[in-house]
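Here is the structure we will look at.
Read-outs: derived from the displayed coordinates by stated rules, not from any lab. Computed from a predicted structure; not experimentally measured. A quick note on method: Cβ atoms are made from the backbone with ideal geometry, for glycine too, and the neighbour counts reach across all protein chains shown.
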Amino acid sequence: MFGAEKGESNLTDGSDLYIGIVQARFNESITNALADACRAELAALGVADKHITHIKVPGALEVPVALQALAEQNRFDALIALGCIIRGETYHFELVANESGASVSRIALDYQVPVANAILTTENLEQAVARQTDKGRDAARVAVEMANLLADLS
C-alpha cells in the first residue's frame, strides 16, 4: 500500500485564527469522529476553542449553503467541511459526492476563504471508519496552513 507524502509546513500557528466548521449529521458516528479529531488538532495547533464556530446540518448537500452563510460573515480565516457519503446501490452517491464537492470548492473560490474539505466519500462503512480520524486531523491542518498562507500573500 502506498502512503501519501504530505510534506511539512511552517504555517501551523493557529493562535490568531477564527475557524468555522460545518458538520453533516448523516452518518453521524463517522462525522462525530471527524469533528472530534479535527477539533483536537485545531487545539494542538493553537486555535482557541472560543475562536471556533461549529454547526451541524442534515447532510453533505446542506454543508455548502452553511459554509456560504459563514463565509458571508467575513469573520473566519478558514472553514472546514465535514461529512460522510457512503456508496449505496443507486446513483445518489455520485450525485451527492459530486455536487457537495463542487459546491464546497466554489465557496472557497467565490469568497476567497480556504475551505478544508473533509467530506469522506467511501465504498463502505469500514473505509469511512479507517479514515475518520486522519481526515479530521488533516482538515484542521489544511485550514490553519491555508489561512496563514493567504494572510502572508495579502
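What's the FRET efficiency of SER154 with LEU11 using the Cβ-Cβ distance as r and R₀ = 22 Å, to the nearest 0.05?
After rounding, the FRET efficiency stands at 0.95.
What's the local net charge at VAL144, with K and R +1, D and E -1, over the other residues with C-beta under 9 Å away?
-3
Is the C-alpha gyration tensor of region 34-153 telling us rounded, prolate or oblate? Criteria: a/c under 1.5 is rounded; beyond that, a/b larger than b/c is prolate, otherwise oblate.
It is oblate, given that a/c is not under 1.5 and a/b is not larger than b/c.
Ignoring everything except DSSP H segments at least 4 long, calculate the 222 nm mean residue ellipticity for the chain; use -39,500 (n - 2.57) per segment, divide by total residues, nearest 500.
The per-residue figure over the chain is -17000 deg cm²/dmol.
Test of the criteria: in region 6-93, which GluC sites (Glu not before Pro) are in a DSSP loop and have at most 10 other Cβ atoms within 10 angstrom of their Cβ?
Sparse-neighbourhood loop GluC sites (Glu not before Pro): GLU8, GLU89.
Quick one: putting +1 on the C-beta of Lys and Arg, -1 on the C-beta of Asp and Glu, what dipole do you get for region 66-154 around its Cα centre, in Debye to the nearest 20?
Taking the Cα centre of region 66-154 as origin, the dipole is about 160 debye.
Name the residue farthest towards the positive end of the dipole of the chain from the options PHE26, GLN68, ALA40, assuming +1 on Cβ of Lys and Arg, -1 on Cβ of Asp and Glu, about the Cα centre.
Highest projection toward the positive end goes to PHE26.
Just to verify a number: FRET efficiency for ASN98 and ALA43, C-beta to C-beta distance, R0 = 30 Å, to 0.05?
Step by step, r from the Cβ atoms, then E = 0.35.
Just rank ASP16, ASP77, fewest to most, by other beta-carbon atoms within 10 angstrom.
ASP16, ASP77
If you average over every viewing direction, what projected area does the convex hull of the Cα atoms of region 87-154 give, in nm²?
Its Cα hull, projected and averaged over all orientations, spans 5.0 nm².
Exactly which chymotrypsin sites (Phe, Trp or Tyr not before Pro) in region 64-138 are in a DSSP loop and have at most 13 other Cβ atoms within 10 Å?
Answer in residue order: TYR91.
Going 7 Å from the Cα of GLU72 in the Cα-to-Cβ direction, what parts of region 10-29 have a backbone nitrogen less than 19 Å from that spot?
Within reach of a label on GLU72, which here means backbone N under 19 Å from a point 7 Å along Cα→Cβ, region 10-29 contributes 20-23.
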